[in-house]
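Quick notes on the structure that follows.
The values are calculated or read from the model by the stated rules, or taken from the named source; none is laboratory data. Please read all numbers here as calculations on a predicted model, not as lab measurements. Reconstructed Cβ throughout: ideal geometry from the backbone, glycine too, with neighbour counts over all protein chains shown. With ligands, DNA and RNA removed, areas are computed over all heavy atoms of the protein, side chains included. Shrake-Rupley method; radii C 1.70, N 1.55, O 1.52, S 1.80 Å.
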Amino acid sequence: MTLGSHLTPLARSHIQQADVVFTAVSDHVVALWLERMHPDVRSLHGYYGHGKSRMITYKEWVSVMMAEVRAGKRVCGVFYGHPGVFAWSPHKVIELARSEGYLAHMEPGISAEDCLYADLGIDPGRFGCQHFEASQLLLYERRIDPSAYLVLWQAGLVGDLSLTRFSTGAAYRRVLVQRLAEDYPLDHQVIVYSAPTLPIQQPEIVRVALRELPEVAMTAKETVVVPPAIPLKQNLAIRAVLEALDAEAARLPT
């Protein structure tokens, strides 16, 4: 996620031993750094286009990587963050390669989620943590548990049905706020978070009331975190069952 510091020794080895390296990284500086590591680094960003569906772009990424695999090359794809988190192409190209009999492997990495827990001081095990892509939350009937953390990915793209835009406006985020208002008060504080991608950067953390969320400028990289709004409620029936089991176990001979 952050240049240099988040690259594991094994991931570095895969990059250096590859015949060709395809990249979709967060910053031009990261691309230059990779070019010092390998003589044949090819950026995938050129496949994006104005008004072009991102899904078309992602399918093209798969095709260009598989062309080199089929040519007998050892291919490495480098994606910033965790290569399997909010990344369709790496999963698809591995699936396709394996179906054609090639060896394919995804090396785990550090994602924006990992950075979020560290930078915001959140322990997902304390109250529980639920994750949704922001548009998916709107388009499908999903249940929200307001006693747990809620993490909304790609909130800056919320409502983009065309998959061609790189941000949507305040009007779209108002629809998101309307949905969240079903479970949270409008004065509930939410966090807009962006992880740093260069060592000289700091995480971007903005705290606002839920009603103010539409006015916060966002792109695809910002993540919205909604802290718990209500306390955990004990399940007394289950507790009674467990206490009875404990009592029964205590009576059994050891």
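Which residues' amide hydrogens lie under 5 Å from the amide hydrogen of Leu150, considering only partners 5 or more residues apart or on another chain, with H built in the peptide plane?
Residues meeting the criterion, in which the H sits 1.01 Å from N, are Gln130, Val226.
Could you give the length gained on full extension between Leu120 and Thr254, defined as 0.36 nm per residue of separation minus the Cα-Cα distance, in nm?
Computed gain between Leu120 and Thr254 is 43.6 nm.
What does the C-alpha gyration tensor say about the overall shape of region 164-218? Classify as rounded when a/c is under 1.5, otherwise prolate if a/b is larger than b/c, or oblate.
oblate
From the residues Val64, Thr8, Val158, which one has its Cα farthest along the dipole of the chain in the positive direction, the dipole being from +1 and -1 charges on Cβ of Lys/Arg and Asp/Glu about the Cα centre?
Value computed over the given set: Val64.
Suppose a student asked you for the relative contact order of region 45-119, using Cα pairs under 8 Å spaced at least 6 residues apart; what percent would you report?
Averaging sequence separation for qualifying contacts and normalising by length gives 27 percent for region 45-119.
Let me check against my output: what whole-number percent is the relative contact order of region 1-82, with C-alpha pairs under 8 Å and at least 6 apart?
In percent, rounded to a whole number, it is 44.
Starting from the Cα-Cα distance between Gln16 and Ser63, subtract it from 0.36 nm times their residue separation and give me the gain in nm to one decimal.
Working: separation 47, 0.36 × 47 = 16.92 nm, distance 2.23 nm.
Separation in residues times 0.36 nm, less the Cα-Cα distance, equals 14.7 nm.
Count the lysine pairs in the chain whose Cα atoms lie under 26 Å apart, taking only pairs 8 or more positions apart in sequence or on different chains.
7
With a Förster radius of 35 Å, plug the Cβ-Cβ distance of His28 and Glu141 into 1/(1 + (r/R0)^6) and report the FRET value to the nearest 0.05.
Working from the Cβ atoms, E equals 0.25.
With only Lys, Arg, Asp and Glu charged, each at its Cβ (+1 for the first two, -1 for the last two), find how big the charge dipole of region 108-241 is about the Cα centre; round to the nearest 20 debye.
280 debye
So how far apart, in nm, are the two label points at Ala220 and Leu103 if each is 7 Å from Cα heading toward Cβ?
3.2 nm
Give me the percent of the accessible area of the chain that comes from carbon and sulfur atoms, probe 1.4 Å, all protein chains in place.
Carbon with sulfur: 55 percent of the solvent-accessible area.
For the chain, report the accessible area per residue in Å² (1.4 Å probe, heavy atoms, rounded to an integer).
So the chain comes to 57 Å² accessible per residue, rounded to a whole number.
Normalising by the residue count of the chain, find the relative contact order in percent from Cα pairs under 8 Å and 6+ residues apart.
Values: 361 pairs, mean separation 45.0, N = 254.
Contact order relative to length: 18 percent.
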